[in-house]
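The values are calculated or read from the model by the stated rules, or taken from the named source; none is laboratory data. The structure displayed is predicted, hence computed values, not measured ones. Note that we place each Cβ from the backbone using ideal geometry, even for glycine, and neighbour counts take in every protein chain shown. Ligands, DNA and RNA are stripped out before the accessible areas are found, and what is left, the full protein with its side chains, is counted by its heavy atoms. Shrake-Rupley method; radii C 1.70, N 1.55, O 1.52, S 1.80 Å.
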Amino acid sequence: MPEPRAAARAIDALRRGWPVAVGTLHLLPIETADALRLEEFDPQMQADILIAGSRAATLKLCNQGAAADNAQPVTIARAPWIDLVAARALADPATDLANPMQGPFRAIESDSVEMAQAALELARLTGILPAFFVAGDGSADVYLTPEDIVAYDSADRLAIVARARLPVDAAENAEIVAFRSPESISEHVALIIGTPDGSPPLVRLHSECLTGDVLGSLKCDCGPQLHAALSEIADAGWGILLYLRQEGRGIGLINKLRAYELQDQGFDTVDANLRLGFAVDARDFGVAARMLKLLGQAKVRLLTNNPAKVEGLEAAGVFVAERVRHVVAHNPHNERYLATKRDRTGHQL
């Protein structure tokens, strides 16, 4: 039976740079491990390296049979010159300009694709670069299965843990509701504005954006979208804003800042995520559906330009009666970002 707590323990271990095992794969995180830990994990310097297929493509490995599908994890054969410093340069695309002559690397066949995919997903949940030293045996601080990782990331265990009245600028008659699952450290919240009247609420799914929501970043439109949504919900009479702790489209704050580095090098938001080894959008809108169901709302009017949010809610059992367009002003710093959302991720701006 899946054990979600095993994934929670593994996330803690990876943040500390400790080894974990997913099935038969023994893994040491390249980003957080130190030289002493690597020597203990791999004294013979024979552990290969596991990376995401999209990262392998940027290293020009997609012409090799073992790396031809950039949707699949890729194992790179360990060479004598690949020490911890070289491995970190291999894992982090933000250093590519400083290391233009990396390689040569050789991709090798893996017979543990499911476990490798689970390991890369575990890296995303941890908020670290999806890259590991990988071996078939050795010690590990935590042992878990791919099913444990799926169980940890399931929205089904989300529950309401606290609620209180919270007057806000947009509406004095608001209530905040907090949600948490037993294992995850992420705490999502809903802001209910107005009084439910039996009609479908106007709902906004807002993914956390520290840089935009709090610091006023001009690189995105998140802050203006958040405040405009609160005002629109208040004007509608009643509705719900879901504040989802899925920073950086699900890759976390640190990796989002790495994506910013890549954007400064000329890549758009889509290519930046792919070069880091992540999906274009790793958010789980099933979390939002679970929150709405816990609030007793299975039919909503959705304030969004993103068809994927409509699809995500409906796939999880929440019917979207209407998609309401959500428009805010742009600025010179986010024009390319908005164009990428329109042209590459299907937003209907």
Exposure rank, largest accessible area first [M115, M1; 1.4 Å]: M1, M115
The chain: most fluctuating residue of L191, L61, L215 per GNM, C-alpha cutoff 10 Å: L215
Relative contact order, percent, the chain [alpha-carbon distance under 8 Å, six or more residues apart]: 17
Check: the chain dipole with +1 on Lys, Arg Cβ and -1 on Asp, Glu Cβ, in debye: 720
0 to 90° range, to nearest 10: angle between helix 222-236 axis and the chain longest Cα axis: 30
The chain - mean residue ellipticity at 222 nm from DSSP helices (-39,500 (n - 2.57) per run, n ≥ 4, rounded to 500): -10000 deg cm²/dmol
Ordering of 207-213, 157-163 by packing [mean C-beta count within 10 Å, highest first]: 207-213, 157-163
Scaled radius of gyration (Cα, divided by 2.2 N^0.38 Å) that the chain gives: 1.06
Fraction of beta bridges assigned by DSSP in the chain that are antiparallel (%, nearest 5): 70
The range 1-56 pair-distance distribution - Cα-Cα, 10 Å bins, rounded %: 21, 49, 27, 3
The range 98-137: radius of gyration over Cα atoms, expressed as a fraction of 2.2 N^0.38 Å: 1.43
Tail fraction, Cα-Cα pairs, the range 79-184, threshold 24 Å, whole percent: 51
Listed residues D69, D156 arranged by accessible area, highest first, probe 1.4 Å: D156, D69
Shape box of the range 238-349 [Cα atoms, principal axes, largest first, Å]: 45, 27, 20
Where the chain is the region considered: accessible area per residue in Å², 1.4 Å probe: 46
Within the range 71-132, trypsin sites (Lys or Arg not before Pro) in DSSP loop having at most 15 other beta-carbon neighbours inside 10 Å: R106
Neighbourhood charge, 11 Å Cβ-Cβ cut-off, centred on L262 and excluding it, Lys, Arg +1 and Asp, Glu -1: -3
Carbon + sulfur, % of accessible area of the range 55-145 - ligands and nucleic acids excluded, 1.4 Å: 55
Relative contact order of the range 1-148, defined on C-alpha pairs under 8 angstrom at six or more residues apart (%): 42
Max mean-square fluctuation residue, GNM over the chain, Cα-Cα springs under 10 Å, options I11, I149, I185: I185
Accessible surface, 1.4 Å probe, highest first, among residues W238, W81, W18: W81, W18, W238
Among V300, A316, G216 - extreme Cα towards positive end, dipole of the range 210-349, charges at beta-carbon: A316
Residue with peak Gaussian network fluctuation, the chain [Cα springs, cutoff 10 Å], from G53, G312, G237: G237
Dipole moment magnitude, nearest 20 debye, the range 99-151 about Cα centre, only Lys, Arg, Asp, Glu C-beta charged: 340
Size of electric dipole in the range 1-93: Cβ of Lys, Arg +1 and of Asp, Glu -1, about Cα centre, debye, nearest 20: 200
